[in-house]
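In what follows, a structure is listed as structure tokens, so that the remarks can point back to it.
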Amino acid sequence: MATNKHIDNMFILMTKILNYLIIISFLSLNVQANDINVELDFLFNQLKNENKETAYKIEQQIWSLWSTHPTNKKLTARLEEGSQFVRNQQLNKAKEIFTEVISLDKNWAEAWNKRATVLYMLGEFQRSQDDIDKVLALEQRHFGALAGQGLVNIQLKNYEKAIRSYEKAQEIYPAMRSPKIMIKQIEELMKQQTI
């Protein structure tokens with residue numbers, strides 16, 4: 001039978017081991033998040049200098065990193081589940097899932113971006129803009145959110161802001177096609193409204 005001193009020593013040892021494991025897992029999570037940021041920095045540098053075909057491949061790598069939670073596979077799975085609802089046009093269900101993911105990690109830019117997209121599709125333009133503001137506060141290079149912001153501001157009739165959004169997206173991702181197309185369309189729309 002164990003003595004009280006032996007039990008106390010075991011408790012102290014278990015507490016030390018638990019604290020050690022918590023510290024190691026915390027450091028590991030920080031390293032993973034840091035690795036993703038380093039990889040994103042590299043990809044964004046590449047994105048500025050590549051032809052359209054290569055840039056598209058880099059874009060897909062960036063989207064993959066954005067859509068993968070740096071520390072929580074369950075959140076990645078929930079985000080994908082919400083995206084599946086979007087593809088099936090079940091927008092309210094997708095909005096619920098993205099809202100849930102945001103509540104679990106307010107610092108994951110892609111969760112905000114996904115919900116901003118759904119809000120746009122539901123015609124909730126100002127709420128979509130509010131979520132885009134969160135995305136860009138967390139990831140200022142998010143060319144998808146900038147392009148989305150352009151669409152939102154067309155709906156809100158903030159044409160100059162829409163043009164600026166597309167110009168910023170193009171600075172980040174020069175081979176991206178939509179900014180050139182959309183800027184021309186917005187300028188044409190502005191001309192028609194002044195006639």
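The values are calculated or read from the model by the stated rules, or taken from the named source; none is laboratory data. This structure is a prediction, so every number in the text was calculated from the model and none was measured. Every residue, glycine among them, receives a Cβ derived from its backbone with ideal geometry; neighbour counts consider all protein chains shown.
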Verdict on Ile62 being in a helix (DSSP H, G or I), under 21 Å from Ala169 (Cα atoms), modelled with pLDDT of 95 or more and not small (Gly, Ala, Ser): yes
Six or more apart or on different chains, Cβ under 8 Å: which pairs go from a residue in region 178-194 that's more than 14 Å from Ser165 (Cα to Cα) to one that's of a type in the set (Val, Ile, Thr)? Could you list them? Leu189/Ile154
Within the group Thr99, Thr76, Thr71, which residue is within 29 Å of Ala175 (Cα to Cα) and not acidic (Asp, Glu)? Thr76
Is there a residue being touching a Lys or Arg at 6+ places or on another chain (Cβ under 9 Å), over 25 Å from Gln46 (Cα atoms), surrounded by fewer than 24 Cβ atoms within 10 Å (Cβ to Cβ) and without any contact (Cβ under 8 Å) to a residue 40 or more places away in the chain anywhere in region 108-119? yes
Assess whether Gln46 counts as being in a loop (DSSP other than H, G, I, E, B) and farther than 19 Å from Ala145 by Cβ. no
How many residues are in contact (Cβ under 8 Å) with a residue 40 or more places away in the chain and surrounded by fewer than 20 Cβ atoms within 10 Å (Cβ to Cβ) when one looks only at region 142-176? 3
Hey, Gln89 more than 18 Å from Leu65 (Cα to Cα) and part of a loop (DSSP other than H, G, I, E, B) or not: yes
Which ones in region 131-141 are in contact (Cβ under 8 Å) with a residue 12 or more places away in the chain and surrounded by fewer than 24 Cβ atoms within 10 Å (Cβ to Cβ)? Lys134, Leu136, Leu138, Glu139, Arg141
